[in-house]
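Have a look at the structure below, then the notes.
Bear in mind these aren't lab numbers, they're just calculated from the coordinates by the rules spelled out. In this text the structure is predicted, and so the values were computed from the model without any measurement. Methodologically, a virtual Cβ is constructed for each residue, glycine included, from the backbone with ideal geometry; neighbour enumeration extends over all protein chains shown.
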Amino acid sequence: YYTAEMGPSLKKRMISFQGLIDAERLPDIKLATNRLEESVADGGKRRVNIDPGYICAPRLVLATTKDYSHRVYLGKGIFADLHLLFLKGHFQPQPWTYPDYREPAVLGFFERVREQYMTELGLAASAPADKD
């Protein structure tokens, strides 16, 4: 998908930051990462693609500017894009989940991030997230 804009030698990194954020900040965070992408663009082509999001007990949500049937408008031109649900002790991809977010290493990374999140909240990482 990104090869035409960014070239064939793509390198991917998944990172997480310490500390908790309010989910309502996601639109502003996405707008800031869009500005960062633009600031390092070369000849109008992006050199980096940043997909900010958040993890909570039941899900991983990314921010996007593109509307689609499963995305929820948050404001400021930004949509919430639900990619992973935590069910039966593991993150489960959805039919629309990006291919790289389906990779076992990536799922494992986000499960470790979720475990840290649960620890910061003082909850057991094994706490069920799939119950109402």
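Among the chymotrypsin sites (Phe, Trp or Tyr not before Pro) in the range 1-90, those placed in a DSSP loop whose Cβ has at most 14 other Cβ atoms within 10 Å are 1, 2, 17, 68.
Filter 11/66; 11/76; 30/88; 11/45; 30/76 down to the pairs with a C-alpha to C-alpha distance above 21 Å, please.
11/66; 11/76; 30/88
FRET efficiency for residue 37 and residue 123, Cβ-Cβ distance as r, R0 = 35 Å, nearest 0.05? Efficiency for this residue pair is about 0.55. For the range 48-115, the dipole from Cβ point charges (+1 on Lys and Arg, -1 on Asp and Glu) about the Cα centre works out to 160 debye, to the nearest 20.
Ordering 15, 3, 122 by the projection of their Cα atoms onto the charge dipole of the chain, which places +1 on the Cβ of Lys and Arg and -1 on the Cβ of Asp and Glu, puts 3 at the extreme positive end. Overall, the range 1-72 carries a charge dipole of about 260 debye about its Cα centre when +1 sits on the Cβ of Lys and Arg and -1 on the Cβ of Asp and Glu, all other atoms neutral. For the chain, the relative contact order comes to 18 percent (Cα pairs under 8 Å, sequence separation of at least 6). With angles folded into 0 to 90 degrees, how steeply does helix 26-39 sit against the dominant principal axis of the chain? Use alpha carbons for both and round to 10. Tilt relative to the chain: about 30 degrees. State the Cα centre-to-centre distance between the range 56-132 and the range 1-22 in whole Å. Going from one Cα centre to the other spans 16 Å.
For residue 12, the aspartates and glutamates whose Cα falls under 14 Å of its own Cα, not counting residues fewer than eight places away in the same chain, are 51, 100, 103. About the centre of its Cα atoms, the chain shows a dipole size close to 240 debye [charges on the beta carbon of Lys, Arg (+1) and Asp, Glu (-1) only; nearest 20 debye]. The mean sequence distance of close C-alpha pairs (under 8 Å, at least 6 residues apart), as a share of the length of the range 16-87, puts its relative contact order at 26 percent.
Before anything else, pin down the relative contact order of the range 70-129: Cα pairs under 8 Å, at least 6 apart, normalised by residue count, whole percent. Walk me through the numbers on the way to the answer.
Working: 48 pairs, mean separation 13.8, N = 60.
Across the range 70-129, relative contact order equals 23 percent.
Between the Cα long axis of helix 104-121 and the first principal axis of the chain there is an angle of about 60°, rounded to the nearest 10. If you work out Kirkwood radius over Cα pairs in Å from the coordinates, which of (1) 15.5; (2) 16.0; (3) 18.3 do you get? Among (1) 15.5; (2) 16.0; (3) 18.3, the one calculated here is (2).
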